[in-house]
Amino acid sequence: MADQPDVMESGPLTAGQVACLAAYVTAVVLWTWSEWLNYRLKHSKTKAQAHAHTEASSGGAEGKPLLPLGSTHVDVEASSVNGVGAPGSPAPAELSKPSYAWTSSAFYRCLMLEEEALLASRDALRSAVEFGTILAWFYVADRTSLIAPGTKSYTRDTFLFIFLVLTIVAFSYTLKQHRSLLLHRTQTEEWKGWMQVLFLLYHYFNAKEIYNAIRVFIAAYVWMTGFGNFSYYYRTADFGIGRFCQMMWRLNFLVLFCCLALNNSYMLYYICPMHTLFTVMVYAALAIGARYNKSDVAIWLKIAACFLTVFIFWDLKFVFYALWTPFMFLMGYSDPRRPASDHLYEWHFRSSLDRYIWIYGMMCAFMHPRIEKFLQAVDGMEAKRRRVTRAVLIAFWVGVGYAWYHFVYLLPKIEYNRIHPYTSWIPITVFFMLRNLTPPMRSFSMGLYGWLGCITLETYIGQFHTWLLSKRPDGQPIYLLTLLPGYPLLNFAAVTALYVVLSHRLFQTTGTLKDAVVPHDDNRLLLRNLLMMCMVAGVAGCFGLLMVEARKMIAP
């Protein structure tokens, strides 16, 4: 372990960073003005109510309510952004016929400092400012010398102690009951939650000895991408572009701004492009020829087509490189501490490891009703026969799990990686079959892990810059955020609390902004908003480039 951290001092701001800073300053100004308007409106309303009460007491008032802002009522407490950008039109006909002109958008009207739009957009503006403030903290922690990085150290005792204590607390105090369904949503969120805890502890303590387990956890996340998306699209047939764009926003909004604000490559956060790609592939598999999705034969043919597609585009490496080389600007990556000539290697390696498991997730989702029906049939058996059947099932799945552990899991890292794409489905299947064997096991889940499971994307991205540190663009997070030097456990507690709070706030603000600008059911409005976002991004990017060039011209 090096005595002196390999830290790169932050250089001049890039065009992307200048653009983000300009957007942040604009959001701060607009939000501050909206809060002032809200305060002024509430204050005037309070004074008017007091004045009306005084007049009523003296018998000189009719008791009519005061309508602020020129007789147009504005709800200053429950403000939200609708597609048109108006806080509440007095004419019902106007609500049924929204305007799609860009001048009627909330964004434009806020820039024009229209009071009603600012009041209605107050929550969205607050979320934008909070989102930007957290990114600013990421920059301060990971790109400046204000916070010195700490070094990682691993002891199995500490690692296991933290996880076991957290699990005991989660089981003892947050156990909750829900419907007895196979792979219920709350159960899969719990599954993601405890895996994420181990995944994060693995990074924090550099616990190399559980590398193979982490590979299985990542495969399980990708399996859930196939399982969850197939279940939704197969059940609802909702292939609308609005729902698709909302999913893309969820997967990529935060990572996009992290890339811009911290000058990182998209592939540094490889989970995001991997889940994005496989989500798109699940969507395409069911959206193409959607009218045939009610046919079991058609579904199995689509699944077979997915396997063939993956084989061609991944197992034939030259095809993979031919496909992705034009997108090197997006998918290329090289660790600056270990430069590589093949910038597509990381993308090929990461995506190849889990290239098939999302298809297995689709298969499990398709077979879900049959598996659930089988488990319910076991539940309905006579008591003795039920016990024998469950004992046989437990013995079978434990045997399969042990065989996988002995012959696969214990392999060295390199050898394990070679067969991981073809074997990761085994421990996943063993787990969810044993986890759902009886009605009580299907009915209970740990709420704490379920809550953490809802913010796995934010905790994954946030760990790079506020739990761990890389201290250089595109660097791997090899250091620890250190707020209490010399007190490793107290520091762990402090930075973990900060990290989890910030991750949850990122989850909330990302959702609020998504609801504000990405409608689900109005494609014309969605198109307008997308075009406006592209225009704003272009203007901000040009401003950033001009500022960077101006700095170069005036620099000595």
Of 176-186, 383-393, ordering from highest average Cβ density within 10 Å down gives 176-186, 383-393
Between Y211 and F171, Cβ-based FRET efficiency (R0 25 Å, step 0.05) works out to 0.40
Most to least packed among 223-230, 29-36 [average Cβ atoms within 10 Å] = 223-230, 29-36
Both in Å, the radius of gyration and Dmax of the C-alpha trace of region 385-490 are 20.2, 62
Which whole-Hz couplings ³J(HN,Hα) result when phi for each residue of region 490-505 is put into the Karplus expression 6.51 cos²θ - 1.76 cosθ + 1.60, θ = phi - 60°, listed in order with x for Gly and Pro?
-> 5, 5, 4, 5, 5, 6, 5, 4, 4, 4, 5, 4, 5, 4, 5, 5
How big is D, in µm² s⁻¹, for region 345-427 by Stokes-Einstein at 4 °C and 1.567 mPa s if Rh is the Kirkwood radius over C-alpha pairs?
-> 85
Give me the angle, in degrees from 0 to 90, between the Cα long axis of helix 413-423 and the longest principal axis of the Cα atoms of the chain, rounded to the nearest 10.
-> 80
What are the principal axis extents of the Cα atoms in region 111-162, in Å, biggest first?
-> 58, 29, 9
Karplus ³J(HN,Hα) for region 535-552 (6.51 cos²θ - 1.76 cosθ + 1.60, θ = phi - 60°; Hz, whole; x = Gly/Pro) runs 5, 5, 4, x, 5, 5, x, 5, 4, x, 5, 4, 5, 5, 5, 5, 4, 5
Give me the percent of Cα-Cα pairs in region 138-212 that sit more than 15 Å apart, rounded to a whole number.
-> 68
How are the Cα pair distances of region 500-543 distributed, in percent, across 10 Å bins from 0?
-> 26, 35, 32, 7
Can you flag which of K471/K552; K373/K514; K192/K302; K208/K471 are past 30 Å Cα-Cα?
-> K373/K514
What do you get for Rg/Rh over region 453-502 if you use C-alpha atoms and the Kirkwood form of Rh?
-> 0.99
Amide H proximity to L469 below 5 Å, modelled H, separation 5+ or other chain, gives I478, Y479, L480, L481
For region 287-293, just list the computed ³J(HN,Hα) in residue order, Karplus coefficients 6.51, -1.76 and 1.60, θ = phi - 60°, integers in Hz, with x standing in for Gly and Pro.
-> 6, 6, x, 4, 5, 9, 5
Against the longest principal axis of the chain, how steep is helix 357-379, in degrees 0 to 90 to the nearest 10, with axes from Cα atoms?
-> 80
Calculated FRET efficiency for the pair K413/A148, C-beta based, R₀ 30 Å, to 0.05 = 0.45
Sort 271-277, 366-372, 283-289 for me by packing, meaning the mean count of neighbouring Cβ atoms within 10 Å per residue, highest on top.
-> 271-277, 283-289, 366-372
Length-normalised contact order of the chain, Cα under 8 Å, at least 6 apart, in percent, tallies to 27
Rounded to one decimal in nm, the spacing of the 7 Å Cα→Cβ label points at W137 and Q376 is 4.6
Would you mind checking the tilt of helix 122-143 against the longest principal axis of the Cα atoms of the chain, expressed as 0 to 90 degrees and rounded to 10?
-> 60
Just need the relative contact order of region 411-556 here, percent rounded to a whole number, with Cα pairs under 8 Å and 6+ apart.
-> 13
For region 123-267, what Kirkwood radius comes out of the mean inverse Cα-Cα distance, in Å?
-> 18.9
Debye log10 I(q)/I(0) at q = 0.06, 0.08, 0.11, 0.13 Å⁻¹ for the chain, Cα point scatterers = -0.38, -0.66, -1.17, -1.50
Which value, in Å², gives the accessible area per residue of the chain when a 1.4 Å probe is used on the protein heavy atoms?
-> 51
Two decimals is fine: what's Rg over Rh for region 280-396, C-alpha atoms, Kirkwood radius as Rh?
-> 1.18
Taking all protein chains as present, what is the carbon and sulfur share of the accessible area of the chain, in % to the nearest whole number, probe 1.4 Å?
-> 68
Scan region 308-356 for trypsin sites (Lys or Arg not before Pro) in coil per DSSP, keeping those whose Cβ has at most 14 other Cβ atoms within 10 Å, and list them by number.
-> R337
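The values are calculated or read from the model by the stated rules, or taken from the named source; none is laboratory data. A quick note: this is a predicted structure, and the numbers were derived from the prediction, not measured. All Cβ positions, even for glycine, are placed from backbone atoms using ideal geometry, and neighbour counts span all protein chains on display. What goes into the accessible areas is simple: the full protein's heavy atoms, side chains included, and nothing from ligands, DNA or RNA. Shrake-Rupley method; radii C 1.70, N 1.55, O 1.52, S 1.80 Å.
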